[in-house]
Amino acid sequence: MIGKTVLITGATGGIGRATALALAAKGARLILTARNPQKGQSVLEEVRRAAGMDMPQTAEPERLQAANREPVLLLADLSLLDQVRQLAEAVTALAPRLDVLINNAGVWPARRIQTPDGLETQFAVNYLAGFLLTRLLQKPLAQAQGRVISVSSSFHYFGRIHFDDLQLTRGYTYSKAYSQSKLAQVMFTRQLAKRWGGLGITAHSLHPGVVKTGLFDGLPWMYRLFRPFYLSPAKGAATSVYLASSQDEVLSGKGSGGFFIRQKTAGPSKAALNDAHGEQLWRVSSQLCGLDETGE
Ligand SMILES: NC(=O)c1ccc[n+]([C@@H]2O[C@H](COP(=O)([O-])OP(=O)(O)OC[C@H]3O[C@@H](n4cnc5c(N)ncnc54)[C@H](OP(=O)(O)O)[C@@H]3O)[C@@H](O)[C@H]2O)c1
């Protein structure tokens, strides 16, 4: 990954942090996002150590020294569309070529929380922030013939897109909101592959496994009951790292748009394969973000 720039959202904990550490160790230059400056700063230090940047310069091979690998931290609350827009501007200024974008940040609150933009929080953070960020970063991604990776979930198999009430103002349950948001990521990935393939940009989504992270902290106790048996964050990051760094043929060209579990392609849900719904979701999401609907 030497010479490649990777943007990871939600890098302050769990899978995002582990992904950052693994890609730093592979030599990538990282741009990390956080909403909490202290947590962000502490991950930034860890990333510098994982990249071997705390060692004397002379200890590094020449190739590593030559590459600009200084990690950067950008602050943004991804539940707010304006902050996503500002984040995209800052990234574009820092990285005219963006090799990999990992839309990783996610939340799973038990109760319905409405954002100041009038969106349901899981829809906003887990899906729409990634949609908007990706759309606004089309140019730097195209410059690098880059990859867009969306950390979805096997929970998408239980989801459907509630086009008549996307923000789930009626009959909210935390599972319904989570599975809708995770399905939206898989559908978005398929649309991206179709619409941006001509620019050389590829897109993949994934399920990381059931991983010991903070994601379940706001949920009822039974979600934490089996926590000791969940995967470590490093293991949970393996598929994101694979999709970001592997040269496997399956990731390029016609393989774009795929859903991955344990570093292998897996069939997405029937709902995810409904391309008419995928297009409808792209249109509605564009409207919510104030973007043009074609976006090719
Ligand atoms: N853990 C699992 O078993 C599992 C399974 C399937 C899919 N996933 C997916 O994996 C991804 C990573 O989750 P995780 O398990 O690593 O959970 P996590 O430890 O809670 O990490 C979530 C990350 O997202 C950030 N984030 C949350 N809300 C944000 C906001 N409004 N603005 C900016 N950043 C925000 C968090 O920041 P803070 O540190 O400030 O909270 C944190 O960095 C999520 O998309 C999740 O749905 C996880």
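The values are calculated or read from the model by the stated rules, or taken from the named source; none is laboratory data. Computed from a prediction, not measured in an experiment: that's the story for all the values here. Glycine gets a Cβ as well: all are built from the backbone with ideal geometry, and neighbour counts include every protein chain shown. In case anyone asks, the SASA skips ligands and DNA or RNA and just uses the protein heavy atoms, side chains included. Shrake-Rupley method; radii C 1.70, N 1.55, O 1.52, S 1.80 Å.
Go through Lys4, Lys264 and list them by solvent-accessible area, largest first, probe radius 1.4 Å.
If we order Lys4, Lys264 from most to least accessible, we get Lys264, Lys4.
With a 1.4 Å probe and every protein chain kept in, tell me what percent of the accessible surface of segment 5-289 is carbon plus sulfur.
Percent of accessible area from carbon and sulfur atoms in segment 5-289: 53.
Over the Cα atoms of segment 1-147, how large are the radius of gyration and the largest Cα-Cα distance (Dmax), in Å?
Using the Cα atoms of segment 1-147, the pair Rg, Dmax is 15.6, 53 Å.
Can you send over the solvent-accessible area of Thr121, 1.4 Å probe, protein chains only, in Å² to the nearest 10?
Approximately 20 Å² for this residue.
Taking a 31 Å limit on the Cα-Cα distance, which of the listed pairs Lys4/Lys264; Lys39/Lys270; Lys212/Lys254; Lys26/Lys254 fall beyond it?
Lys39/Lys270; Lys212/Lys254
First select every other residue whose beta carbon is under 11 angstrom from the beta carbon of Leu75; then total the charges, Lys and Arg +1, Asp and Glu -1.
With Lys, Arg at +1 and Asp, Glu at -1, the neighbours total +1.
Give the accessible area for Glu46 in Å² (nearest 10); use a 1.4 Å probe, count only protein heavy atoms, and leave out ligands, DNA and RNA.
Counting only protein heavy atoms, the figure is 40 Å².
Based on a Kirkwood Rh over C-alpha pairs, give the Stokes-Einstein translational diffusion coefficient of segment 181-246 at 37 °C and viscosity 0.692 mPa s in µm²/s.
In µm²/s, the coefficient rounds to 236.
Protein chains only, probe 1.4 Å: how do Arg69, Arg283, Arg97, Arg195 rank by accessible area, largest first?
So the residues, ranked largest to smallest area, are Arg97, Arg283, Arg195, Arg69.
Could you work out how far apart the two model spin labels at Arg85 and Phe163 are, taking each label as a point 7 Å from the Cα in the direction of the beta carbon, and quote it in nm?
Label at Arg85, label at Phe163, 2.7 nm between them.
If only Cα atoms are counted, what is the Rg of segment 80-152, and what is its Dmax, in Å?
Over segment 80-152's Cα set, Rg and Dmax evaluate to 13.1, 41 Å.
Under a 1.4 Å probe, what is the accessible area of segment 1-132 per residue, stated in Å²?
Here the per-residue accessible area is 43 Å².
Work out Dmax and Rg for segment 173-296 from the C-alpha atoms and quote the Rg first, both in angstrom.
16.2, 47
Considering every Cα-Cα pair within segment 99-243, what fraction, in whole percent, is farther apart than 22 Å?
Summing the P(r) of segment 99-243 above 22 Å gives 41 percent of all pairs.
With the chain treated as a Gaussian network of Cα nodes joined by springs under 10 Å, which of Ser42, Ser256, Ser179 yields the largest mean-square fluctuation?
Top of the fluctuation ranking is Ser42.
Take the eigenvalues of the Cα gyration tensor for segment 5-289, scale each by 5, and report the square roots as semi-axes in whole Å, largest first.
Each semi-axis is √(5λ); the values are 29, 21, 18 Å.
Would you kindly work out the equivalent ellipsoid of segment 124-199 from its C-alpha gyration tensor and give its semi-axes, the square roots of five times the eigenvalues, largest first in whole Å?
Taking √(5λ) for each eigenvalue gives 26, 12, 10 Å, largest first.
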